[in-house]
Amino acid sequence: MSVERALQGVLMILVLVGAGALMARLGYLTEELETSLSRLTIHFSVPAMLFGSTVAHISGAFLRQAGWLLLIPLVCMLLGYGLGFALRLLCRLPRGDTGVFLVMFALSNSIFIGLPVALEIFGEAAMPYVVAYFPFNTTIFWTLGNLGIAADGGQRPASVGATVRQILSPPFFGFLAGFAVALTGLPLPPFLTQAITYLGNLTVPVTLLTTGAVLSRMGRASLHLGRAGWLTLFGRLVLMPGVTMAACLLCGAPPMMTGVFTMIAAMPVMNQCVIMARMHGANHRLAAQMLTVSTLFSLAGIPLWVLVLQWLT
């Protein structure tokens, strides 16, 4: 872990995000194509990447060695929900934005931005911890998060069956399938492993290109923040990574685990928050604005958190 490697990672992300913005400006990456690429990523490349990464990096030995320390992200996310709710009351944010705000405050973009950042900074050794972080993040989003966003839009809570189906999204199913194969030691034929690897390798470039397209369409107006926006940035880029790092240090987590969990906790707002806020009739404009702004600010915060981690670990 080094500042130089972090800067290289940030520059790589900026180049691909900038390329996506340019493609959108020139008309090559239209909104229709962006939607299709996002669906391809969610339904095929991310599940393939999570399946392959879980098979390659998760094992019984890893789980026994890491043990209960893998629960640190879950505890920190739930704590983030509590802290976010307290700050919402203290700062008198609109009650109708509670669900959207709490998701933005407590949960991170662990795969679409967090994955490439972790790989660039820590290398392949980061993958087991990224994979371990993902199921907690997505489960809380599709339970507490989805219920809160639906309440913002005045909708009735989803049924238990609907919630389970949402949790068992293609990426989560890819993780579960990979977890089952990893624990059973079922051998995969080399041609299948290679095909899954190639499909999973689409995730980072396609995700960053579509992120650039989204940012280019938001425009400068998205940079004007209210109280909810500044609180979200504080939660995403300062409080949540700080809480996660402190928990890792207090629990005696290994340096790699501490670094990866902290950096993933410092990632921007989840893409899915915008989608679900629009679907439920909640404040999707706030979610889209903070996806844009938190992505831009996180690129500046990544090297700073690397410096902090170098100093403390």
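Residue-wise HN-Hα couplings along the range 39-46, as the Karplus relation 6.51 cos²θ - 1.76 cosθ + 1.60 with θ = phi - 60° gives them from phi, are 5, 4, 5, 5, 8, 10, 6, 5 Hz; Gly and Pro carry x. Per-residue 3J(HN,Hα) values for the range 297-305, derived from phi via the Karplus relation 6.51 cos²θ - 1.76 cosθ + 1.60 with θ = phi - 60°, read 5, 5, 5, 7, x, 4, x, 5, 5 Hz in sequence order (x marks Gly and Pro). Normalised radius of gyration (Cα atoms, divided by 2.2 N^0.38 Å) for the range 1-124: 1.36. Rounded to whole numbers, the Karplus 3J(HN,Hα) couplings from phi for the range 98-109 are 4, x, 4, 4, 5, 4, 5, 6, 9, 10, 10, 7 Hz, using 6.51 cos²θ - 1.76 cosθ + 1.60 with θ = phi - 60°, and x at Gly and Pro. For the chain, the relative contact order is 34 percent, taking Cα pairs closer than 8 Å that sit 6 or more residues apart in sequence and dividing their mean separation by the residue count.
Most tightly packed first, judged by the mean number of other beta-carbon atoms within 10 Å of their residues, the peptides 258-269, 235-246 read 258-269, 235-246. Summing +1 for each Lys or Arg and -1 for each Asp or Glu among the other residues whose beta-carbon sits under 9 angstrom from that of Asn283 gives -1. Here the chain yields Rg over Rh of 0.94, to two decimals, using C-alpha coordinates and the Kirkwood radius.
Here the dipole of the range 1-146 is about 420 debye; that uses its Cα centre as origin and unit charges on the Cβ of Lys and Arg (positive) and Asp and Glu (negative).
Give the relative contact order (percent, whole number) for the range 192-313; include only Cα pairs under 8 Å separated by 6+ residues.
Contact order relative to length: 27 percent.
Just so you know, all these numbers are worked out from the coordinates, no wet-lab data involved. Remember, predicted model here, so these are calculated numbers, not experimental data. Virtual Cβ from ideal backbone geometry, glycine too; neighbours counted across all protein chains shown.
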